[in-house]
1. Can you give the relative contact order of the chain as a percent, counting alpha carbon pairs under 8 Å and 6+ residues apart?
2. How big is the C-alpha Rg of the chain next to the rule-of-thumb value 2.2 N^0.38 Å, as a ratio?
3. Counting helices only, and only those DSSP H runs with n ≥ 4, report the 222 nm mean residue ellipticity of the chain as the sum of -39,500 (n - 2.57) divided by its residues, in deg cm²/dmol to the nearest 500.
4. Quick check: Cα centre of segment 69-143 to Cα centre of segment 9-39, how many Å?
5. How large is the charge dipole for the chain, taken about the Cα centre, if only the Cβ atoms of Lys, Arg (+1) and Asp, Glu (-1) carry charge, to the nearest 20 debye?
6. Taking the Cβ-Cβ separation of Ala120 and Ser31 as r and a Förster radius of 25 Å, what is the calculated FRET efficiency to the nearest 0.05?
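Each value in this text was obtained by applying a stated rule to the coordinates, not by laboratory testing. Keep in mind that what you see is a predicted model, and the values were worked out from it rather than measured. Positions of Cβ are backbone-derived with ideal geometry, glycine not excepted, and every protein chain shown enters the neighbour counts.
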Amino acid sequence: MIDFPDAPHHPGRNPRPDPAIFAPLRVGLDSDDPERLARSPAFSAGFEAFAARYYWEAHEIWEPVWMALPPASAERHLLRGLIQLANAALKARMGRAQAASRILPLANAALSEAFGPGNAAVMGVTRPRVASMRQQAEQESAL
């Protein structure tokens, strides 16, 4: 569980949150084991942030998980796709629809690579869960 700032960060519009709020989430990121990383506080907090429409924060939380994962792995593709979904949703929320439209296909490609043929779930994340997140990102609109 993360203590979110009063409002989501929108670059150039409001101050960045204190990086100290992310420090407790870095526990358990000293491994490249996808199963261990899937149980990390950062992995689950990224989903919490995304669901709460704290897209910049979700990106910041997931990035160290992505960096810890083995290169070219399904898990790393998953995190890249989730980060790009968060970025697309953030751009849409900031009224930058063209940027969001450019990023969504990148997210879709990474997520397709993650799930590939036969992967029902990656790091416990299922296709339906990702589809729901994609829908949230696509339906996001400017404040």
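1. With pairs under 8 Å counted, the relative contact order is 20 percent.
2. Values: Rg = 14.4 Å, N = 143, 2.2 N^0.38 = 14.5 Å.
Relative to the rule-of-thumb radius for its length, the chain sits at 0.99.
3. Working: 6 runs with 82 residues, N = 143.
Calculated at 222 nm, the ellipticity per residue is -18500 deg cm²/dmol.
4. Comparing the Cα centres of segment 69-143 and segment 9-39, I get a distance of 18 Å.
5. Details: 15 positive and 15 negative charges, 103 e Å.
With only Lys, Arg, Asp and Glu charged at Cβ, the dipole is about 500 debye.
6. Numbers: r = 24 Å, r/R0 = 0.96.
About 0.55, to the nearest 0.05.
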